[in-house]
1. Using the basic label-point model (7 angstrom from Cα toward the beta carbon), what is the Arg267 to Leu247 distance in nanometres?
2. Calculate the dipole size of the stretch 246-361 relative to its Cα centre from +1 charges on Lys and Arg beta carbons and -1 charges on Asp and Glu beta carbons; express the result in debye to the nearest 20.
3. As a quick test, which of the pairs Lys103/Lys351; Lys103/Lys137; Lys98/Lys137; Lys98/Lys222 have an alpha carbon distance above 25 angstrom in this structure?
4. Could you report the chain's accessible area per residue, 1.4 Å probe, as an integer in Å²?
5. Of the listed peptides 115-125, 8-18, 292-302, what is their order by residue-averaged count of other C-beta atoms within 10 Å, with the highest listed first?
6. Return the Rg/Rh value of the stretch 208-301, two decimal places, where both radii are evaluated on C-alpha atoms and Rh is the Kirkwood radius.
7. P(r) tail for the stretch 89-128, what percent of Cα pairs lie past 12 Å?
8. What does the net charge come to around Gln169 if you take all other residues with beta carbon closer than 10 Å to its beta carbon, with K and R at +1 and D and E at -1?
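The values are calculated or read from the model by the stated rules, or taken from the named source; none is laboratory data. Predicted, not measured: the structure shown is a model, and the values here were computed from it. For neighbour counting, all protein chains shown are included, and Cβ atoms are generated from backbone atoms with ideal geometry for every residue, glycine included. Just so you know, the surface numbers come from the protein's heavy atoms only, side chains and all, with ligands and any DNA or RNA stripped out. Shrake-Rupley method; radii C 1.70, N 1.55, O 1.52, S 1.80 Å.
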Amino acid sequence: MFEDGRTVRVGLIGYGYAGRTFHAPLIQSVAGLQLTTVGSTKRGAVLADLPGVTVCSNMEEAATHPEVDLLVIASPNESHFPLAAAALHAGKHVVVDKPFTVKTADARSLVQLAAEGGRLLSVFHNRRWDSEVLATKAIVESGVLGQISHFETHIDRFRPQVRQRWREQTGPGAGLWFDLGPHLIDQALQLFGLPQTINAGFAVLREDGETDDWAHVQLNYKSLRVILHTSLLVSGGGPRSVLHGTLGSWAKFGADVQEKQLVAGIRPGSAGFGEDPDPGILYEGATGKQTKILAPAANQADYYVGIREALWGRQPNPVPPDQASAVMSVLDTTFQSGATGQVLPLQLTYKERAAFTVSQY
């Protein structure tokens, strides 16, 4: 990898919402990472925010740029595979925004290519560093609910008007589930491991909608059911995450604050960054007595700290590629289930199965 402490030169492809809001500020907040190159057609916007970087209007040029050690890909989903492949062939280390790729076979191809070249390959599953996700994990691991029987998590929004952007237009990798499904799937697998079977349903509920804007997915374990849900027609809504167990229940209202803070220009290290004002609520099983439990503070920059540490040889990859390709396989299976109306098993490689702890559920 790198000599311990050597500055890692970072290239970023894509300066839309994800690149501008998440990747650029998070990378810049981590000592040892230097953002040197941006692949974007928005030259003026890039230089206004990031004076001094090299801007490439040709994305493949950015992917193979000689002043880049680590390439971060935050461009439209369909471009992830060819750009990542080009960078790996050029000897770059690579971070890909979720979803990893559009096709599971492409994800597996990238995993093999990175292994053959001895390059780091990782996927930006940033919600692992969200307060809501960390709070849910802490409750599960505490054992306070006993044996968990039901987990339900939502990412719902109220956007009744179809917007003119690639995510909401017909095309490979478009749609709400491709956007948010990887987050929800990764959270479930981190908490409970791999399910036995999957059933899913998708719908286009908004007038003039071209892609799915409603998704309801069930992961089936031996003694646990996990519900993953997302919709663009929910105002207000209920809790974001709910756990039920043999000793009680727990619910978390309110989303992680980091995205709003980053949009507002608040950066990691600033006072109050990542501090969640909405506690989880523990419900005692026999009495229903409620106890508020503060959510832990969170910092998505820790993902890039983990990438730096992995490149310096100090720690493992924070999101190993076999975990990311397993998420892709689950995502692919949900779409197959939704299309056929069937309950389906997972088709995973040995390494993908080994990437997650075998579920006790």
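1. For the pair Arg267/Leu247, the computed spacing is 4.4 nm.
2. Result for the stretch 246-361 is approximately 120 debye, rounded to the nearest 20.
3. On the way: Lys103/Lys351 18 Å; Lys103/Lys137 29 Å; Lys98/Lys137 21 Å; Lys98/Lys222 28 Å.
Result: Lys103/Lys137; Lys98/Lys222 exceed 25 Å.
4. Details: 15430 Å² over 361 residues.
Averaged over the residues of the chain, the accessible area is 43 Å².
5. Order by mean packing, descending: 8-18, 115-125, 292-302.
6. My calculation puts Rg/Rh at 1.04.
7. Values: 449 of 780 pairs.
Value for the stretch 89-128 (Cα pairs over 12 Å): 58 percent.
8. +1
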